[in-house]
1. Only residues that are modelled with pLDDT of 95 or more and either in contact with a Lys or Arg (Cβ under 7 Å, 6 or more places away or on another chain) or of a type in the set (Lys, Arg) (or both): list them for region 271-299, please.
2. Scan region 660-672 residue by residue and report those that are within 19 Å of residue 564 (Cα to Cα) and without any contact (Cβ under 8 Å) to a residue 12 or more places away in the chain.
3. Give the residue, chosen from 120, 58, 83, that is among the hydroxyl-bearing types (Ser, Thr, Tyr) and loosely packed, with under 15 Cβ neighbours inside 10 Å.
4. Identify, by number, the condition in (1) within 19 Å of residue 538 (Cα to Cα); (2) of a type in the set (S, T, N, Q); (3) in contact with a helix residue (DSSP H, G or I) (Cβ under 7 Å, 6 or more places away or on another chain) that residue 639 doesn't meet.
5. Look at residue 483 and say whether it is of a type in the set (Val, Ile, Thr), open to solvent by 40 Å² or more (accessible area, probe 1.4 Å), in the same structural domain as residue 406 (by the TED database) and over 19 Å from residue 401 (Cα atoms).
6. With more than 21 Å from residue 30 (Cα to Cα), modelled with pLDDT under 90, assigned by the TED database to the domain that holds residue 46 and not in a helix (DSSP H, G or I) as the only criterion, which of 102, 95 stands out?
7. Could you figure out which of (1) modelled with pLDDT of 50 or more; (2) surrounded by 13 or more Cβ atoms within 10 Å (Cβ to Cβ); (3) assigned to a helix (DSSP H, G or I); (4) small (Gly, Ala, Ser) isn't true of residue 255?
8. Pick from region 274-284 the residues that are in contact with a Gly (Cβ under 8 Å, 6 or more places away or on another chain) and open to solvent by less than 30 Å² (accessible area, probe 1.4 Å): which of them is nearest to residue 650 (Cα to Cα)?
Amino acid sequence: PPVHPEVVQQTDVASTLAICLGLPISRNSVGNLILPVVGGKTMREQLRFVHLNGFQLSTLLQENTLAYEKDPGYEHFKIAEKSHSNWIKLYLEGNNSEILLNLGKKVLKQYLEALKTLSSSLSKQVAQYDMYSMMVGIVITMEVLLLLLLSVPKALSRRAEFEVPLSPPLFSLLFYLMCLMLGAVHVIVCTSTESLCYFCSMSWLTAAGVMMLISVLMCGILSAVAKIYENSRLPLKNPVVSGSSWSEIDVLILAGTVGHVLSLGASSFIEEEHQTWYFLINTLCLMLGHELCRSNFLLEEGDPQHSTTVKQTFDSIRKASECKHIDISATDDSKLSKVTSSAEFIKGSHKWISLASPWIILICCRLLRSLNQTGVQWAHRPDFGHWLTSSEHKSELSFLAAVSLLLIFILVQRRCSLVSKIAMALGLLGVYSYRAAIGNVIFPWQHDSKDISKGITEARFVYVFVLGIVFTGTKDLLKSQVISADSSIKCTGLWEVYSGLVLLSALLFRPHNLPVLVFCLLIQTMMTKYIWRPLKFDAAQITIMHYWFGQAFFYFQGNSNGIATVDISAGFVGLESYVEIPAIFLTAFATYAGPLLWAIHLLCYLSSEFRNSAAVGHGCFCYALMRSIPVAVYIVLVTGLRYHLFIWSVFSPKILYEGVHVFITAAVCLFFTAMDQNHSQKV
């Protein structure tokens, strides 16, 4: 073996294996024969092997290139073929002299040069990217991200203002200079490029609009930077020396976000991204458990926050009694002592449930991990979902589905109106009937095999209740926004919209995935009542926790970053044939149900638990920022890794998932903005 081994391309392995095994070379292979592998063969066999490889590559070139005859590789191959023909004539004449051997080596060298040139030409065609259009997209994406980052201080202030200074740049000299410069670059690139360019194929009006957008965003960024610089030079009105206000939760959120973004540069981390989110939410639960222990046990008895709890309880009782004109001083002391003991008992039980909540959530997450194996490395391993969906365990699946639907009703109905409760109960009954109609589950009285149908009637029955619940919630929301600014009506309307989406998710989820929906509702309930309320996190922290859990539940459903895990059957629920728009909506909703339900629950929580009118605005901004950071960075990473071996099998599907997720996030942020009472008052 040589001291420095020869470097070969991985694409060469396919061609070499095919030749060595006596099989045809793959039609679309762009690899070359690794000559040392067949170095022990005779000269005639070696020439035959490289000729087969060259013929396959030249045929592939002819199929993909119009002017293939002018390609240098094709010309070299034809010259090598003629030399090979002369060598064969000498060989058939029985000439075994040194001349035949030298001519054979010369022909072999010509073939190898032709193969190298042909392979290079084909590889460039396969990996030919529209870099100009890609760079335009990257510039716009990074400008939007930078503008969001520069707006963090104002957007998270008490007034929750997100101001983009767009008016001054439109009339500034810099804006017109940038438009002129970008127009010149566009003309030069489009007139000099030989390959097809998407951005150049646009109309000049559309291209001018894109260039104006880039110029406006750049001027807005420069204006924001200048304003921040001016504010930093102004003397503070109330200079206060304060230490760092970063808590452990803030450090964890920052480290987790940065770590996840950096992991997107590795194909293995993208294939197993679910492990990253499982690790992050487990770490978050441990941190929340630590915060709960510290708030419950490390406060001394003399701490005002601890000692005034019972006093506040009785102050509230006294105020309530005064409102009802009851003389509490005349009440028997024994009754007051009973109230005191019961209040302390409730407070103590609430404390222990609160302390146990993070551990219960960890157990729920561990059970969900066992339900669906996802990713690539461990996807082949059997999981609880496979066991449930086997034909031998249909009774167990039916029991689990029935219990799950019952628990969904119990967890959702608590804040719904009476009409919505009835609609939810009938809708969940229709979900089970639909699954029984298509043969996924069975009724208790069903013993023989029933004829399987499409379940169109049952599914449409559920759709009616979904639309009814959502319509009822929308009516309450419009009433709270237009007629009266009643927060209770608004919270009820939001929860009913959320309930309608839960019912739709129950219909679209496969029966073995219904526990995912149950655990989603259970974790939301526990975190709301026993973790977020006692610890009093701000809106930004609550938003990021919702985002993390939404990402984790995306993978708990059995999704991955591969196209094969998309459940396209959800797009046909209740449809007799393929209808494009409903199928796209239902498939997208079923795929992103986890992140979407957590996002709507975030809006319900911020509207009901925070008295600050800016809380919804803070949540909307943080949610958009958390989605924008990984998408913008991933676009840059994918562009840099466009020649990676797994660009089409790993990186490309991931960017499709991210693109659809961005559209859904945009719709969620629009809903947040519409529900922002502070924003509505400004308008």
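The values are calculated or read from the model by the stated rules, or taken from the named source; none is laboratory data. Please read all numbers here as calculations on a predicted model, not as lab measurements. In this analysis, Cβ positions are derived from the backbone assuming ideal geometry, glycine residues included, and neighbour counts consider all displayed protein chains. Accessible surface areas use protein heavy atoms only, side chains included; no ligands, DNA or RNA. Shrake-Rupley method; radii C 1.70, N 1.55, O 1.52, S 1.80 Å.
1. Answer for region 271-299, where residues must be modelled with pLDDT of 95 or more and either in contact with a Lys or Arg (Cβ under 7 Å, 6 or more places away or on another chain) or of a type in the set (Lys, Arg) (or both): just 278.
2. Listed by number, the list is empty, since nothing qualifies.
3. 120
4. Residue 639 satisfies all of (1) within 19 Å of residue 538 (Cα to Cα); (2) of a type in the set (S, T, N, Q); (3) in contact with a helix residue (DSSP H, G or I) (Cβ under 7 Å, 6 or more places away or on another chain) except (1).
5. On the way: of a type in the set (Val, Ile, Thr): yes; open to solvent by 40 Å² or more (accessible area, probe 1.4 Å): yes; in the same structural domain as residue 406 (by the TED database): yes; over 19 Å from residue 401 (Cα atoms): yes.
Answer is yes for this residue.
6. On the way: 102 fails: not in a helix (DSSP H, G or I).
95 is the lone residue from the list that is more than 21 Å from residue 30 (Cα to Cα), modelled with pLDDT under 90, assigned by the TED database to the domain that holds residue 46 and not in a helix (DSSP H, G or I).
7. Every condition holds for residue 255 apart from (2).
8. Among those residues, the one meeting the criterion is 274.
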